[in-house]
Amino acid sequence: MKKLLLVICVSVFAFGSALAKDAELFSYDKAKVNQAVSDMSRVEQMVNQNPNISGDELMAQGKLDASFEANATSPFSVMGEPPLGIPSFLWGCILGWVGLLIVYLVSEDKDETKKALWGCVTSTIVGIVFYFAFWGALFASASSGI
Amino acid sequence: MGKFYYDRNYKKLVYVNNFPKKEVWVSKDTSVYHIVNNKVIDRQSAPPVAEFSMFHLVLNSQLSNYGFKNTAMIIEKVEKQDNMVITTWALPPKAPKLFGKIKTSTTNNKLNGIVFLNMEGKVIKKQFFNDYRNIGGLEFPHEVVDIIYINDKENYQVTTYKNIQIDDLTEGNIYNYTIPGNK
């Protein structure tokens, strides 16, 4: 009986831990994020004061350094070239979560996916592998799902 | 910095960027066009998923599930924690295992965030939707925070939306942006 109670206690504790872990996934350090993008906020203020100014002009004035453009247009440039030359920022906005996954799939260490996708692009048979590998996964079995 | 235009009837998403470069990006059907000085300088094929854009989902009051209900993704688990409802989505059993589970959280039917896990259950990306405001009867998040994990380091992207207008009639033509014919 004691063993049973112990198992139940351990199970409840483990279950509770799992729940806590899931909830924690949905929190982040807002101050840290704000600090990280504070330079961008400063640029935003400059542009709001002069809406017609370009990034090149601000660089010429010494108000931006050369790394700004890459960071501004593709903040995740550390992942390499953005998929299909489309800034990852737009992938998220235009294609929602699907776009975010595309960025991951072709930017993460998935050489086969990347090669297949780029191979399709360069040979103009765009998207075939993509559709098979990705859309097939999501939509082909839609009738059996939700 | 720029403006997005989206009409759910055209399913054409237009992004007019003013800074740091003046350029236009248009997503329509299976193509994404990059236009500079009214000339298409690049056209790329992309999946026809306008229905997954945040704009489309907001206009159709579907942002709370982020469009997952329109896919074959399976709800594996739903649980309530604190004031959040957390849903775990998984690929169908027969689908290729390209990525891991995805978790979404909602509060009062508003999407708080989404967490992407890899096959090993490690977080690869988080996205948070903040500062919801009611525009024309629709709840629109005015801030989207992306956190992506690369080599265990967090990278951030914050997108803020301002001056959101619903049923804007003053710039009608741009919603059905005509792609310049020459490339």
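Contact list please: Cβ distance under 9 Å, first residue in the range B:159-183 and closer than 27 Å to B:R43 by Cβ, second residue basic (K, R) and open to solvent by less than 80 Å² (accessible area, probe 1.4 Å), pairs at least six apart or on different chains. Cβ pairs passing all conditions: B:Y175/B:K12; B:N176/B:K12; B:Y177/B:K12; B:Y177/B:K28; B:I179/B:K28.
Is it true that B:I114 is at negative phi and under 15 Å from the mean Cα position of the chain (by Cα)? Working first, answer last.
Values: at negative phi: yes; under 15 Å from the mean Cα position of the chain (by Cα): yes.
Spelling it out, B:I114 is indeed at negative phi and under 15 Å from the mean Cα position of the chain (by Cα).
Just need a number here: residues in the range B:50-80 that are out of contact with any Gly (no Cβ under 7 Å at 6 or more places or on another chain) and open to solvent by less than 40 Å² (accessible area, probe 1.4 Å). Even if it seems obvious, please write down each step before you answer.
First, the residues of the range B:50-80 that are out of contact with any Gly (no Cβ under 7 Å at 6 or more places or on another chain): B:50, B:55-56, B:58-65, B:68-71, B:73, B:75-80.
Adding the requirement that they be open to solvent by less than 40 Å² (accessible area, probe 1.4 Å) leaves B:50, B:55-56, B:58, B:63-65, B:68, B:71, B:73, B:79.
Qualifying residue count for the region: 11.
Please go through the range B:135-155 and give me each residue that is within 14 Å of chain A (Cβ to nearest Cβ) and touching a residue at least 40 places away in the same chain (Cβ under 8 Å), ordered by number. Spell out how you get there, then give the answer.
Pass one, the range B:135-155, residues within 14 Å of chain A (Cβ to nearest Cβ): B:140-155.
Within the range B:135-155, B:F140, B:P141, B:V144 meet the criteria.
When B:N83 is tested against (1) surrounded by fewer than 17 Cβ atoms within 10 Å (Cβ to Cβ); (2) without any contact (Cβ under 8 Å) to a residue 40 or more places away in the chain; (3) touching a Phe, Trp or Tyr at 6+ places or on another chain (Cβ under 6 Å), just one condition goes unmet, and that condition is (3). Of the residues that make up the range B:108-126, is at least one over 26 Å from B:N155 (Cβ atoms), surrounded by fewer than 17 Cβ atoms within 10 Å (Cβ to Cβ) and of a type in the set (S, T, N, Q)? Yes, there is a match, as at least one residue in the range B:108-126 is over 26 Å from B:N155 (Cβ atoms), surrounded by fewer than 17 Cβ atoms within 10 Å (Cβ to Cβ) and of a type in the set (S, T, N, Q).
Which residues, taken from the range B:135-144, are assigned to a strand (DSSP E or B) and out of contact with any helix residue (DSSP H, G or I) (no Cβ under 6 Å at 6 or more places or on another chain)?
Keep residues of the range B:135-144 that are assigned to a strand (DSSP E or B), which gives B:135, B:138-144.
Of everything in the range B:135-144, those that are assigned to a strand (DSSP E or B) and out of contact with any helix residue (DSSP H, G or I) (no Cβ under 6 Å at 6 or more places or on another chain) turn out to be B:I135, B:E139, B:P141, B:H142, B:E143, B:V144.
Here's a check for you: in the range A:1-52, which residue that is β-branched (V, I, T) and modelled with pLDDT under 80 is nearest to B:T159 (Cα to Cα)? Please lay out each step first, then the result.
First, the residues of the range A:1-52 that are β-branched (V, I, T): A:7-8, A:10, A:12, A:33, A:37, A:43, A:47.
Checking the rest, the ones that are also modelled with pLDDT under 80 come to A:7-8, A:10, A:12, A:43.
Working: A:V7: 47, A:I8: 46, A:V10: 43, A:V12: 40, A:V43: 14 Å.
Checking each candidate, the answer is A:V43.
Going through (1) assigned to a strand (DSSP E or B); (2) open to solvent by 50 Å² or more (accessible area, probe 1.4 Å) one by one, B:Y5 falls short only on (2).
Do we find that B:K101 is over 20 Å from the mean Cα position of the chain (by Cα), open to solvent by 20 Å² or more (accessible area, probe 1.4 Å) and among the basic types (K, R) in this structure?
Numbers: over 20 Å from the mean Cα position of the chain (by Cα): no; open to solvent by 20 Å² or more (accessible area, probe 1.4 Å): yes; among the basic types (K, R): yes.
In short, no.
Checked against (1) within 20 Å of B:I166 (Cα to Cα); (2) open to solvent by less than 20 Å² (accessible area, probe 1.4 Å); (3) among the aromatic types (F, W, Y), B:W25 passes all but a single condition, namely (1).
Those strands (runs of 3 or more DSSP E) of the range B:15-134 in which 1 or more residues are more than 8 Å from every other protein chain (Cβ to nearest Cβ) and closer than 28 Å to B:I174 by Cα occupy B:23-28, B:31-36, B:39-45.
The values are calculated or read from the model by the stated rules, or taken from the named source; none is laboratory data. Note that the structure is predicted; figures quoted are calculated from it, not measured. Cβ: placed from backbone, ideal geometry, glycine included. Neighbour counts: every protein chain shown. Just so you know, the surface numbers come from the protein's heavy atoms only, side chains and all, with ligands and any DNA or RNA stripped out. Shrake-Rupley method; radii C 1.70, N 1.55, O 1.52, S 1.80 Å.
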